[in-house]
1. Along its three principal axes, how long is the range 325-387 when you only count alpha carbons? Whole Å, largest extent first please.
2. Starting from the Cα-Cα distance between Y31 and H134, subtract it from 0.36 nm times their residue separation and give me the gain in nm to one decimal.
3. Hey, could you pull the Cα Rg and Dmax for the range 182-233, both in Å?
4. Show me, for the range 345-355, the HN-Hα J-couplings you get by feeding each phi into the Karplus relation (A = 6.51, B = -1.76, C = 1.60, θ = phi - 60°), rounded to Hz, glycine and proline as x.
5. When the chain is fully extended, how far beyond the present Cα-Cα distance does E359 get from D238, taking 0.36 nm per residue of separation?
6. To check my understanding: the extent here is largest minus smallest coordinate of the Cα atoms along each principal axis. What are those three numbers for the range 69-143, in Å, largest first?
7. Viscosity 1.567 mPa s, temperature 4 °C: what is the translational diffusion coefficient of the range 230-299 from Stokes-Einstein with a Kirkwood Rh over Cα pairs, rounded to a whole number of µm²/s?
8. Considering only protein heavy atoms and a 1.4 Å probe, what is the carbon-and-sulfur percentage of the accessible area of the range 303-389?
Amino acid sequence: METGGNSLPSGPDGVKRKVLYFYDPEVGNYYYGQGHPMKPHRIRMTHALLAHYGLLQHMQVHKPVPARDRDLCRFHADDYVNFLHNVTPETQQDQLRQLKRFNVGEDCPVFDGLFSFCQTYAGGSIGGAVKLNHGFCDIAINWAGGLHHAKKCEASGFCYVNDIVLAILELLKQHQRVLYVDIDIHHGDGVEEAFYTTDRVMTVSFHKFGDYFPGTGDIRDIGYSKGKYYSLNVPLDDGIDDESYHYLFKPIISKVMEVFRPGAVVLQCGADSLSGDRLGCFNLSIKGHAECVKFMRSFNVPLLLLGGGGYTIRNVARCWCYETGVALGVEVDDKMPQHEYYEYFGPDYNLHVSPSNMENKNSRQLLLEIRNKLLDNLSKLEHAPSVQFQEREPDTELPEADEDQDDGDERWNSDSDMDIDEDRKLIIPSRVKREVIEPETRDPVCSMEVQIETIEQTRDLILQPMK
């Protein structure tokens, strides 16, 4: 299969890929608050498993450069970014009107270091896109990213900044077409909305549908204007298992790759679609979830792997550790090595967990109807041209502070899973950076009409056809 952009050499799926992994040791310190299901600590647990399984020595490990205000404003409204930059737990009571306006408060609380957290996870996703654009890796991984619900000027579903949209915008500088695939149990509404009217980004979301957050993602939502048929929604019911999931995933994605021919792929690997998730209701095994990663990897197209949801954190860490191994082409043992979070994984201390015996409410007839409908939608698209478009240098330069890390032979010491070698450490303030960019004057009411208008203005500027 030919693709636009820097496609990888064809060959068997077992061929090793050059993998680059983003991790900031501070990310596990952020805390949404008591009782909140989103726990960034799961990223640190994942990293500990990667270290003790010896996976870090097989890939480049980078500390992300924090996203700047202007990076975030490539998608998000200036006044929204300015609000996130300045709000603190101590000052939030003085900003009740803005809290309501930007949907910050309950699901998306204000916590210590909020903006620094946003800078970190967005920086990893943008950095992954930049590295892919420059051909420095075949697969980039940022398990702290994948926060797919954030809107242009609104937090939503535990998400403040939409790092996925920002990464896709970066990839579009180098690739004529970018595919976004979402296997989180929740609909990837923020990403779909951002690219709903363009044919340069195809979004495919597999999610629980029906009386479930965020309530969007109907199979009839297919995109609009030039983007018609470039949004695919796969609505699923409770209890879907590995076999049923891949009955849809593999033929749909195969057809998407054939027809759309993306130059790069972004895969959001939300782990709340696993069996036994605190907020989920699917019944996927870790191997079944990871099969999606393996399948996307097999197309030999530059791939950005991101995290997302996942609220039974011991299973999130298990899943993303195993999927890192899949990206590397390294099989990891089921028996877990001793490490600092070992007691989380009792009583069996295995990497894999068995699915439950919950009822699968997705009948074969329902799955067949969904599959046929979506394949029919894809048949209405013109095949993307197979000739490669003319490549050009990406606009975003690599930060100078990162240049020391470009030597693929250098690795972190796998015995030191939390510390960064001082010679390689990037200086990142632990508190919110106080570089404030004055927002442009905007209408204070960020209604859906304003969102659509501003998104389309941004899209007209950024998503113009490549020459």
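1. 53, 41, 16 Å, listed from the longest principal axis down.
2. Net length gain for the segment: 33.7 nm.
3. Reported Rg and Dmax, both Å: 10.2, 31.
4. Running phi through 6.51 cos²θ - 1.76 cosθ + 1.60 with θ = phi - 60° gives 9, x, x, 9, 6, 9, 6, 9, 10, 7, x Hz.
5. 42.8 nm
6. Per principal axis, max minus min of the Cα coordinates gives 47, 21, 17 Å.
7. The estimated diffusion coefficient comes to 100 µm²/s.
8. For the range 303-389, the apolar C and S fraction of the accessible surface comes to 48 percent.
The values are calculated or read from the model by the stated rules, or taken from the named source; none is laboratory data. Bear in mind that the values here come from a model prediction, so they are computed numbers and not experimental data. Calculation scope for accessible area: heavy atoms of the full protein, side chains included, ligands and nucleic acids excluded. Shrake-Rupley method; radii C 1.70, N 1.55, O 1.52, S 1.80 Å.
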